[in-house]
Structure formats: structure tokens, C-alpha cells
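A.B. asks: My questions all concern the structure below.
What follows is calculated from the coordinates using simple rules that are stated; it is not laboratory data. As the structure is a computational prediction, the values presented were derived from the model and not from experiment.
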Amino acid sequence: MEPLVIFGAGLVIYCGYLAMLDSTKAWRTCRMEAAAKRASTKKQGVIPGRRSRPRPATGIPVGRPILQRV
């Protein structure tokens, strides 16, 4: 075979190898971002809006006064 044909075939194989490496790296990155997004949405169960009051030592639950309707 001519050297130019051998060189061209080697170049095609090398570029294909680089494209395969690039696509697998992009796939892994996309998968890890999706996993991180799913993990962050699972941790949103607790809403840090209202603080709970400390429990008294007597054990009787004390909360807000209940408004009575008249």
C-alpha cells in the first residue's frame, strides 16, 4: 500500500479514538450532574422556616395560646 493511504487510515482510527473518549467523558459528566441534581432534590424534605421552641423541663407541652372564638 502507499504510505499516504496507511497514514490516512491511521489518522481516521486516531480521530475515532479521540471522539470515543470525548463522548464517554461527556456522558459521565452529564450522568454525574443528573445524580447531583436528584440528590439535592431529595434533601429538601425539611423546610427551615419556623423554629421549634425548647421543650420545658416539666414535660408539659407549651405552645402558642389558642385563640378562642366567642
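A.B. asks: Report ³J(HN,Hα) in whole Hz for each residue of the range 16-21, in order, from the Karplus equation J = 6.51 cos²θ - 1.76 cosθ + 1.60 where θ = phi - 60°; Gly and Pro get x.
C.D. replies: Values per residue, Gly and Pro as x: x, 4, 5, 5, 5, 4 Hz.
A.B. asks: Work out, step by step, the length gained on full extension between residue 22 and residue 69: first 0.36 nm times the residue separation, then minus their alpha carbon distance; give nm to one decimal.
C.D. replies: Stretched fully, the residue 22-residue 69 segment lengthens by 10.0 nm.
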